[in-house]
Amino acid sequence: MACGLKAVKSLNDLKLDFPALAQSVNGRMVAYLDSAASAQKPKCVIDAMTSVMTDHYANVHRGIYTFSSKTSVAFEDSRRKVARFLNAKSDEEIVFTRNSTEAINLVASGIGQSLKAGDEIILTELEHHANIVPWYFLKEQKGVVLRVVPMKVDRSLDMSAFEKLLSSKTKFVAVTQMSNALGTIVPVADIVRKAHAVGAKVLVDGSQAVVHLDVDVQEIGCDFYVFTGHKLYGPTGIGVLYGRTDALNELPPYQGGGEMIDKVSFEKITFKEPPARFEAGTPAIVEAIGLGAAIDYLGGLDTEAIHEHEQMLLREAESRFVVVSGVTVFSTAPERAAILSFSIDKVHPHDVASVFDQLGIAVRAGNHCAQPAMKTLGVQATVRASFAFYNTMDDVERLMEGVYKVKKLFL
Ligand SMILES: *Cc1c(COP(=O)(O)O)cnc(C)c1O
């Protein structure tokens, strides 16, 4: 059946929509607790992608023949689905990119062209490397100054420090809405209001937030918002840059090539309006359609119920973890979602993850592309269990089994 058209199911049945979750690993049904790195795909997304390629595949926007017009319609439908999903004002505010990383690079390189030495960009300690490195390039190329908002002891963002960093020198603020390393939720609407008051633009990195929160870009008020398809139950190779119409209009082209131009001669080239201006070359057609299918799939679920379910799993896991001696939980911000970052005394996170793997439990161990956050935590790495709506209490039990196994083996 197509995504989003199925009968409403009980939460415990949702796992059945994801073929990979029925696989076994080392003799046990997989307990997949690494959705923050990449989520599993429902069958209807896989089917939607197969269907484009088997039923009417062609390049988009060019052909006058049936295959091409059908594929173009499906591709542009996906843009409309993304626009509705984020509550953008129009489809033209949605640019397809390869992932969040490319979306942030697109904005940083465009914004960078109008910045000069001494201009300031504010980031936070909670950022993923994808929202640090592109801005660091501007520090190297332009001499802009990067200011960093610290986290507080409870691992929430220090909003009063943010306010102190804001000044007339602040030209841009790039901030995550939810930390992938800790699960901390950041009050982005508040940040946007304060940044706009000093004339700075704001990019919100929604890579994690779109999965676990209700996102409304108009309510947040940000100039730019990015997310990545593969964490939202869609395929890899497709990401989204939302830009408010005026903000996108002010941005110069990123990559040059076909599809983004108006007229080309060797003397002068003119460009299309956004979003086409930022979509040089043949786009990720099948992947964009897959992302649209993932959004349809989510549209068929009770969003409030699935977010509550994720919170329940997180709280349940946390309450069990904190009573186990030798376990340190790093995810402690009052506002947090879906992510449990922890360590087990004297055991390297990689060893924890490999013991878990022997039990068929998939968790991530490492710095989670967030070395500044790790530095503040005073560690090199953590173990991270992340929850999606398809996880169940059984997965929480498995997590506990893993913890006790590690303790037995190492302590
Ligand atoms: C995963 C992630 C990114 C990068 O996503 P890509 O798909 O690798 O581009 C950026 N920011 C956050 C918060 C993330 O979780």
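FYI, it's all coordinate maths here, none of it is from the lab. Given the structure is predicted, the values throughout are model-derived calculations rather than measurements. Cβ: placed from backbone, ideal geometry, glycine included. Neighbour counts: every protein chain shown.
Would you mind checking the radius of gyration and Dmax of segment 223-270 based on alpha-carbon positions, in Å?
Final numbers for Rg and Dmax: 14.6, 45 Å.
Considering the chain as a Gaussian network with a 10 Å cut-off on Cα pairs, which listed residue, LEU14, LEU314, LEU340, attains the greatest mean-square fluctuation?
LEU14
Sort 264-275, 227-238, 123-134 by packing, meaning the average of other beta carbons within 10 Å per residue, with the highest value first.
Answer by packing, highest mean first, reads 227-238, 123-134, 264-275.
Considering only VAL327, LEU232, VAL175, whose Cα is most displaced toward the positive end of the charge dipole of the chain, charges sitting on Cβ of Lys, Arg (+1) and Asp, Glu (-1)?
Ranked along the dipole, the leading option is VAL327.
By average Cβ neighbour count within 10 Å, what is the ranking of 363-369, 16-22, 321-327 from highest down?
The most tightly packed comes first, giving 363-369, 16-22, 321-327.
For the chain, list the cysteines whose Cβ sits under 4.7 Å from no other cysteine Cβ?
CYS222, CYS369
When the chain is fully extended, how far beyond the present Cα-Cα distance does LYS268 get from LEU411, taking 0.36 nm per residue of separation? Don't skip to the answer; put the middle values down first.
Values: separation 143, 0.36 × 143 = 51.48 nm, distance 7.00 nm.
44.5 nm is the gain from fully extending LYS268 to LEU411.
Order these by the 10 Å Cβ neighbour count, fewest first: TYR65, TYR32.
TYR65, TYR32
At a Förster radius of 30 Å, what calculated FRET efficiency corresponds to the Cβ-Cβ distance of THR282 and SER114, to the nearest 0.05?
Details: r = 30 Å, r/R0 = 0.99.
About 0.50, to the nearest 0.05.
Determine the calculated [θ] at 222 nm for the chain from helices alone, applying -39500 (n - 2.57) to every DSSP H run no shorter than 4 residues and normalising by the residue count; nearest 500 deg cm²/dmol. Intermediate values should be presented prior to the final figure.
On the way: 14 runs with 156 residues, N = 411.
Taken over the chain, the calculation gives -11500 deg cm²/dmol.
Pick from ASN249, ASN26, ASN99: which residue has the top mean-square fluctuation in a GNM of the chain where Cα pairs under 10 Å get a spring?
Checking each option, the largest mean-square fluctuation is seen for ASN26.
With both partners inside segment 48-299, how many of the DSSP beta bridges are antiparallel, as a percent to the nearest 5?
Around 45 percent antiparallel, to the nearest 5.
Could you list LYS263, LYS70, LYS152, LYS15 so that the one with the fewest beta carbons within 10 Å of its beta carbon is first and the one with the most is last?
LYS263, LYS152, LYS70, LYS15
When the dipole is taken about the Cα centre of the chain, and only Lys, Arg (+1) and Asp, Glu (-1) are charged at their Cβ, what size is it in debye, to the nearest 20?
740
State whether segment 230-387 is rounded, prolate or oblate according to the following rule on the C-alpha gyration tensor (a ≥ b ≥ c being the square roots of its eigenvalues): a/c under 1.5 gives rounded; otherwise a/b larger than b/c gives prolate, and the remaining case gives oblate.
prolate
Once you've got the Cα coordinates, tell me which of LYS41/LYS70; LYS231/LYS405; LYS81/LYS231; LYS164/LYS201; LYS164/LYS375; LYS142/LYS263 are over 27 Å apart. Working shown, then result.
Details: LYS41/LYS70 24 Å; LYS231/LYS405 29 Å; LYS81/LYS231 17 Å; LYS164/LYS201 17 Å; LYS164/LYS375 22 Å; LYS142/LYS263 31 Å.
Listed pairs above 27 Å: LYS231/LYS405; LYS142/LYS263.
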